[in-house]
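All remarks here apply to the structure that follows.
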Amino acid sequence: MQAAQLAEFDAESPGPSFRTAPGLSSGPAAGSWLQHTREQLQVSQCRRLVLPDPVPVLVLAVQRYLGEGARPAAYCYDVSLWDGVSRDTWLLSPELAQWVHRNRLRCGLWARIGRCSYRFLEKRLSSGLVCIEELELEEGHGAGQDGVTGQGDREDIPLLGGRKHYLPLWNNEDPYGGIWKEGKPAEEQLNVNVSKICSLQHLENIWRCKTALPPLLVRIMHKSRLRFFGKPDKKTDIPYQAYFEVADHSGMMSLVLWNSLCPEWFNTLQVGRVILIQQYAVKKSYSKRTLPTPGNLQVKRLPSLEISLNARDPPASINIIKENLVKPEWRLPAVTYQFVTRAELNDLPHNKVCDVIGLVNFVGRCERKRFSDDSEDFWLYRWVQIIDGTSDQPFLLEIFATSQPEIFEKIHPMSYLVCTQMRVIREDPLDSPGAVFLTTSNESQVFISGHHKGQPYISDRKVRNFISWMKTQNEAEVKKKVLIGGYHPFPLTPATFTKYCNENKVESVLTSFGELRNVIEHLHYREHKRIAIHGVIVALRYVEYNDIARNTPDKEAHSASMRYPAPNDQGGKQPAEESMSGLLLQEAEVVPCLQPKSIGKNPVMKRKRPHELSAVYDVDEDSNFVPRAIELEGSDKESHDAAGNKEVNYVSKSSKDLWESDLWSEVAHSITEHLHYNQVFPGSSPRKFDYTHKDILMQHYNLHPAKCSTTMCHSKNIEEFTSANSIGHCELTILSINQNLAVDVVALPVLCSDNSYVFTMHRVPSTDQIPCPGTSTNNNTGWTTHSLFSEGELANFVRAHDRLHVICILDIFYLEEDKVEVCLNRIYNPVDEAVPVT
């Protein structure tokens, strides 16, 4: 494997220096506003203060932990503040928790605290806490303007409930905070008395008969993500567990790491390591847990028991043995894998487990999915696309957090990605090959460039084949085609509404227009929710983007290059350890979806208007309109003229009403509520990946951190990076079937590998596939098989459905700061389906 892809490049750049809070001297003699306010509260008779002229304070950290007792909210939030002199941590009132839920209150912002109270802690002598009851964010001071070196790195313990640690801010599965130890080194010298070692198979026979169980010598074959089982009414200090599958020559058995041993050992116990276990417990295995699919079929599974490691009763003893000290006579099985190529994936059945490797050419934004409608807990996931050179089609991966935050947050285009224990999702046997994707399982592990060294899969034949293919590719070509972030219609919606309903009742699947506002208002930060509404499309507008490139003076271009060296400049040359040389891809092999076609570098770019093209569409066997694709021309977003002046893009938008139903003219004046969610935000469009600024792009599409750190970089806004959508979008007005409510939504185009721009609405029958995201026709590379709409064809489609009741599938996504993205994913015609629609 190329050294550039395996080398670590974790050098930290110095963080921004601290700017003193307005109104305070930077010297220690000036006194601390935070400390002064705390002292005032302690002597106040009512234990509450209204602060008429509060000083702005910097939010260093917002940290989450389990609440106590039968609180209405499961979690509490502590806010660490800095006033220019000192640092203090205050409790956030539960009434303000929604500010954190929606990421309005976050580290890096300045805030003014208008009201606070003091609470004595009854179980602690001479101790109390300050509770923030009212605050406002300081106008004009946002993340990226200010920072504090080292102030956000201090470790605290939660203020309430006697909790010993904080949780990650946005999910529960990741290790977070200083209690989680780095990997421990293996033993340099360790004498193993093989005569005292007990085999796992023999352990099954003796575990009931002995109080002191003999030592075990095993290899770790599989590792699960962390499971957090804390509850507000429970007092377990470290409520975590992690499952491992360990094996020796006699078989494979589950091992469970409990409670405080998880922070101590979870990052150390990696797949492939050999461990000596002493002082452990054995119990009957938990029958309902998921089990990994073994790669080594010769290893016998021993499912009846599991080894339990805890800090006491008895205190577990674990020793890591270096691989060069492992002796052949121990007969420990090797870790083996089930790698499949993209060409082989088409033949795998639903739920089949496999491992994959590929080059990342698209990384989606981090999104969150709620456990259940009334839960405060979320899954964290993102969509990733990789290629391996064996097929025109890419792998589409749904990657949930695997308790590897240092990897999950660093997945970026141009890196080698390995995912293990992935499940094939092929819910409909008639799905085209492009509609199949892979999702992580409980035992999945993910590795990117910089983390491959020493992994057992390095010697796998298919891994070596992939590396050999990579050595034949061209780096410069793939850099032009890789993308990051934006809205994409994953997971794919099924071909019919009947399948969409699946086993659920229609009444629980459909969302009424009256419930729509409530659904949106209860979304949390980066939460994705897909809903179905029953209505009538009554209006369609097209918003075209007009890009005007203007030459900027040399001086301005030079100033920009001093801050961000261009990739072709000497200053922007990547250091040797980060060089991507050798990362090559033939253009014909990896044309990613979402690539606009270059038509030159003129100062003013002109394109064909989509609605000026002829619209042609067919009718499929379900009476769904299936328009054909129409190719549109794109443009380069940024270039340099002969004099070296940089062309900067100014995007203007022009709106055109394409169609409006007579019904809308009749009822528009009488509707009781019209919701407007037709705004497209910068974060809604995928961006061309700029490797020079990869850290900035990754930060934009990751979740906001809980703490300020020296690695936070906000020097460029996301709008400064080239968008992959250069043609615009459509806006639709959907009227409720009772004609009393309406909502405006957007239809975003999906840009295909053949450089056409389309809107996705209906699934094309598998017998009549059209080249689009996810199909494999000629030389196309993409994601899904959908029918294709140009903007003009979309107008014909909705016109043909005038006054007809349709089912609209909406993807709702809460970006941040009250920015809500509502995108039309698909339209179903319920008339032709055996679905009891009310």
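The values are calculated or read from the model by the stated rules, or taken from the named source; none is laboratory data. Please read these numbers as outputs of a predicted model, since none were measured by experiment. Here Cβ is always computed from backbone atoms with ideal geometry, including for glycine, and neighbour counts include all displayed protein chains. Each accessible area value is taken on the protein alone, full model and side chains, heavy atoms only, with ligands, DNA and RNA left out. Shrake-Rupley method; radii C 1.70, N 1.55, O 1.52, S 1.80 Å.
Set the bar at 23 Å for Cα to Cα. Now go through 184/284; 184/283; 181/223; 210/288; 499/819; 210/284 and name every pair that lies beyond it.
Numbers: 184/284 30 Å; 184/283 27 Å; 181/223 17 Å; 210/288 27 Å; 499/819 31 Å; 210/284 15 Å.
Flagged as over cut-off: 184/284; 184/283; 210/288; 499/819.
Once the whole set of protein chains is in place, how much accessible area is left on residue 463, using a 1.4 Å probe, in Å² to the nearest 10?
0 Å²
Pulled fully out, how much extra length does the chain show between residue 234 and residue 53, if you take 0.36 nm times their separation in residues and subtract their Cα-Cα distance? Please report the intermediate quantities before stating the final value.
Details: separation 181, 0.36 × 181 = 65.16 nm, distance 4.12 nm.
The span from residue 234 to residue 53 would gain 61.0 nm if fully extended.
Count the net charge of all other residues whose Cβ sits under 12 Å from the Cβ of residue 207, scoring Lys and Arg as +1 and Asp and Glu as -1. Each step should come with its number before you reach the end.
Details: positive: 208, 210, 283, 284; negative: 204, 306.
Around residue 207, the surrounding residues sum to +2.
Just subtract the alpha-carbon distance of residue 800 and residue 74 from 0.36 nm times their residue separation and send over the number in nm, one decimal. Mind dumping the intermediate values first?
Values: separation 726, 0.36 × 726 = 261.36 nm, distance 4.96 nm.
Gain on extension, residue 800 to residue 74, equals 256.4 nm.
Over all directions, how big on average is the projection of the convex hull of the alpha-carbon atoms in the range 190-277, in square nanometres?
Averaged projected hull area, Cα only: 7.1 nm².
For the range 53-102, what's the radius of gyration and Dmax over Cα atoms, in angstrom?
12.3, 38
Tell me the accessible surface of residue 690 in square angstrom (1.4 angstrom probe, heavy atoms of protein chains only), to the nearest ten.
40 Å²
Taking 0.36 nm per intervening residue step and subtracting the Cα-Cα distance, what contour gain separates residue 268 from residue 325 on full extension?
18.8 nm
Please list, by residue number, everything in the range 88-116 whose backbone N is under 13 Å from a paramagnetic label point 7 Å out along Cα→Cβ of residue 521.
Of the residues in the range 88-116, none has backbone N under 13 Å from the label point off residue 521.
Grab the beta carbon distance between residue 98 and residue 313, set R0 = 56 Å, and tell me the FRET efficiency rounded to 0.05. Could the numbers behind the result be given before it?
Numbers: r = 42 Å, r/R0 = 0.75.
Efficiency at R0 = 56 Å is approximately 0.85.
Any idea how far apart residue 122 and residue 710 come out in nm if each label point goes 7 Å out from Cα toward Cβ?
My value for the distance between the label points is 4.5 nm.
What order, most packed first, do the peptides 250-258, 264-272 have when packing is the mean number of other Cβ atoms within 10 Å of each residue?
Values: 250-258: 22.0, 264-272: 18.2.
So the peptides 250-258, 264-272, ranked by packing, come out 250-258, 264-272.
At 7 Å along Cα-to-Cβ for each site, give me the label-to-label distance between residue 43 and residue 301 in nm.
6.9 nm
Can you order the peptides 812-821, 215-224 by their average number of other Cβ atoms within 10 Å per residue, highest first?
Working: 812-821: 17.1, 215-224: 23.2.
Ranked by mean Cβ neighbours within 10 Å, highest first: 215-224, 812-821.
Suppose each label sits 7 Å from its Cα in the direction of the beta carbon; what would the residue 115-residue 279 distance come out to in nanometres?
In this crude label model, residue 115 to residue 279 measures out at 5.4 nm.
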